[in-house]
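Throughout, read-outs are computed from the coordinates displayed, never taken from laboratory work. Because the structure is a prediction, the values reported are computed rather than measured. Neighbour counts run over all protein chains shown; Cβ positions are idealised from the backbone, glycine included.
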There are 2 protein chains.
Amino acid sequence: MMSNVIIGVDLGGTRLRTAALNRDLQILERFETLTHAQEGPDATIARMKQMITQVLPKDGSKVDGIGISAPGPANPMTGVIVAPPNLPGWHNVRLVDILRAEFDLPVYLGNDANVAALAEVIRGAAQGYRHAIYITVSTGIGGGVISDGRMLLGKEGLAAEVGHMVMVADGGHVSSLEKEAAGPALARKAVARIQAGEKSIIVDIVQGDLSQVSGKVIGNAATAGDTLAIDVIKRGGWLLGLGIVTLLHVFNPEIIVLGGGVTNVGDLLFVPMREAIEKYALDSSYWRDLKIVRSALGEDVSIFGAAALVVTQGGQADVRSVMAKLDAE
Amino acid sequence: MMSNVIIGVDLGGTRLRTAALNRDLQILERFETLTHAQEGPDATIARMKQMITQVLPKDGSKVDGIGISAPGPANPMTGVIVAPPNLPGWHNVRLVDILRAEFDLPVYLGNDANVAALAEVIRGAAQGYRHAIYITVSTGIGGGVISDGRMLLGKEGLAAEVGHMVMVADGGHVSSLEKEAAGPALARKAVARIQAGEKSIIVDIVQGDLSQVSGKVIGNAATAGDTLAIDVIKRGGWLLGLGIVTLLHVFNPEIIVLGGGVTNVGDLLFVPMREAIEKYALDSSYWRDLKIVRSALGEDVSIFGAAALVVTQGGQADVRSVMAKLDAE
């Protein structure tokens, strides 16, 4: 018996990926190129169509649909890529309509962090949970929320932007979680302290060129035992913990899944994060049974998430019914 | 034809109310007494049972169920009132089990701010909206979230505690929206400035006894034109606006409904609130079509909300299907 196939498309700022998956979200075939973002949407969409055709089944298997993971802002209701900072020239591109016209298949669009959350509850680190929050900490902070088994989108699919929660509102100063705890924020804080005279091996790592300091550099310095780098990451973890405190009070989740490059430093970040959660949550019932885990799906999370959009009809079907169906097959 | 009846119970810190409503959530009959919170749960529950019996239909009409609005923390999944600060002696009281055993009817429990949100989307200021947030600003700040037509509860019904979002995380200082913008916070800030030497008619209003300064006193002073009071409310409105910025990024709602005594000052609070929203939201698409309205249900909001729990099966049925059913009757 031939089984149905799902097409997943990961439109990233750096890489463009397509894959064919079965309904268990196992990758059957995949294709990957650089995105060449500067070539603009028309050329990229032409390649995307070719790459989808390449992974379409050749044996007559039925295709359930195409799911696309794209950088935000993207509107899953209208299927429009709005204006992602890392895809120059993409302004209000009706990608879902374009692919639907080309392939005559159901097409779903989701932003990368939202679909990552979906992938993690269906086949990743949060498998089986109904109340889950995915947070990715890298050059920005993005998020996805699974609320009672369904992907949280809001009115126009702009929900779950956890990096833009206000964390500092004091006097005239206002700042968000992303501005305080993402990679560039950690780099900025380290550079400011170095420029104020503190010693750090960061200077040696970047060979004196402080414009090269990044979240990754801070992570390497911290892992090597650099006091300044450790201190900066500690504050980042503490702020991330306070951001999670807000999310606990707002969503009362069962599990938090953390991904993104900054989380690779591990306990240097997680220990102060957990301390902030336990100190500042209203009540221990918010964190007593809370699981905080690392993302399980690695760099393929967007492909899984794109395919998960198809099996959940854009994230709107309850993941419990979807998984029961997967398990029954 | 006899129509079905719903029993709503509002267990407040000050007042205990029961009512019989029809499925359109019109109040048919009601009963109200003081709660006498200090008498403890057994005596209050005994009176509650009597008051429910008094509003039960005498003509043989069928009763759909009993809904209870209670102060948080209350667990809608287990039907347990956990330990509300304004109901001394109530610790883990299994109120749903007790009433179910007494009346042999479906019984639903919700916290007062959550059920207020439900009431507002079914029969109040947010009628017909699918993505709505209710915020009440009085001695505390509470909230309720309707997410894609369903009441947001989270794992144990502890979600939507919007007053406990972290708003100030700077250096060692951490503070929540409630600690910065609820009535007592406004009073505390005004008193501190008066004690530091600023002039204000607040001193005359409380006849020199600064322990009597409350959110209501600040509101009265501001309405009378007092500069200090206006300034304190302005900062409260600005912080409330920043709290709403977080909620917009997290939920992308269509409408915000504001209730609670502090909101009675009107534009003195709402103008700086709206300014903060428009200045700090990531993109105008978060607020361009956003409606911000006052609560429409007044002091009966908890009775309506309690009854709404019954028609939505504890907030878990989609409000669209519930309202279609109401309209068809």
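Phi angles across the range B:89-96 convert, under the Karplus curve 6.51 cos²θ - 1.76 cosθ + 1.60 with θ = phi - 60°, into 3J(HN,Hα) values of x, 7, 10, 6, 8, 7, 4, 5 Hz, Gly and Pro given as x.
For the range A:79-114, the residues whose amide N sits under 15 Å from a probe point set 7 Å from the Cα of A:T14 along the beta carbon direction are A:86-87.
Taking amide H atoms as placed 1.01 Å from N in the peptide plane, the amide H of A:A74 lies under 5 Å from those of A:V82, each 5 or more residues away in sequence or on another chain. In sequence order, the range B:114-125 has phi-based couplings of 4, 6, 5, 4, 4, 4, 5, 7, 8, 9, x, 6 Hz under the Karplus curve 6.51 cos²θ - 1.76 cosθ + 1.60, θ = phi - 60°, and Gly or Pro positions carry x.
As a test of the formula, what do you get for chain B when each DSSP H run with n ≥ 4 contributes -39,500 (n - 2.57) and the sum is divided by the residue count, at 222 nm and rounded to the nearest 500 deg cm²/dmol?
Details: 11 runs with 127 residues, N = 329.
The per-residue figure over chain B is -12000 deg cm²/dmol.
Here the calculated FRET efficiency for A:E39 and B:Q127, from their Cβ-Cβ distance with R0 = 56 Å, stands at 0.70, rounded to the nearest 0.05. Quick one: P(r) of the protein assembly as shown from all Cα-Cα pairs, 20 Å bins, percents rounded to integers, in order of increasing distance. With a bin width of 20 Å, the distribution comes to 18, 47, 29, 5, 0. Computed on chain A, the Cα convex hull volume stands at 145 Å³ per residue. A:I27 label point (Cα plus 7 Å toward Cβ) to equivalent points in the other copies: 6.1 nm, shortest first.
Over the range A:180-235, the fraction of Cα-Cα pairs per 10 Å bin, rounded to whole percents and listed from the shortest bin up, is 29, 64, 6. Legend: residue pairs A:K325/B:K155; B:K189/B:K291; A:K155/A:K179; A:K155/B:K325; B:K155/B:K179, Cα-Cα distance threshold 28 Å; pairs beyond threshold, B:K189/B:K291.
With label points defined 7 Å past Cα in the direction of Cβ, position A:P88 shows copy-to-copy spacings of 6.9 nm, given to one decimal and shortest first. In this structure, the amide hydrogen of A:L28, modeled 1.01 Å from its nitrogen in the peptide plane, lies closer than 5 angstrom to those of A:A20, A:L21, A:N22, counting only residues at least 5 positions away or on a different chain. Taking other residues whose beta carbon is less than 11 angstrom from the beta carbon of A:M167, and scoring Lys, Arg as +1 and Asp, Glu as -1, yields -3. On a 0 to 90 degree scale, rounded to 10, what angle separates helix A:227-251 from the longest Cα axis of chain A? The two axes meet at around 50 degrees. With one equal scatterer per alpha carbon and no solvent term, the Debye-computed log10 I(q)/I(0) for the range B:132-294 at 0.09, 0.14, 0.17, 0.19 1/Å reads -0.31, -0.71, -0.98, -1.17. Compared with the dominant Cα axis of chain B, that is its longest principal axis, helix B:319-328 is turned about 50°. Helix A:183-195 and the long axis of chain A differ in direction by around 20°, with both axes built from C-alpha atoms. Across the range B:284-293, coupling constants 3J(HN,Hα) worked out from phi with the 6.51/-1.76/1.60 Karplus curve, θ = phi - 60°, read 5, 5, 6, 10, 4, 9, 5, 9, 10, 10 Hz, and Gly and Pro carry x.
Would you mind ranking A:E275, A:E254, B:E120 by Cβ crowding within 10 Å, fewest neighbours first?
With the fewest neighbours first, A:E275, A:E254, B:E120 line up as A:E275, A:E254, B:E120.
Going by neighbour counts of Cβ atoms within 10 Å, the residues A:V203, B:V213 line up, fewest first, as A:V203, B:V213. Mean separation of Cα pairs under 8 Å and 6 or more residues apart, divided by the residue count, gives chain A a relative contact order of 20 percent.
Between amide H atoms placed 1.01 Å from N, distances below 5 Å from B:V5 occur with B:K62, B:V63, B:D64, all of them 5 or more places distant or on a separate chain. Here the spin labels are modelled as points 7 Å beyond Cα on the Cα-Cβ line, and at A:A196 and A:A317 they lie 5.4 nm apart. A label point on B:G266, set 7 Å along the Cα-to-Cβ line, lies at 6.2 nm from each of its counterparts in the other copies, closest listed first.
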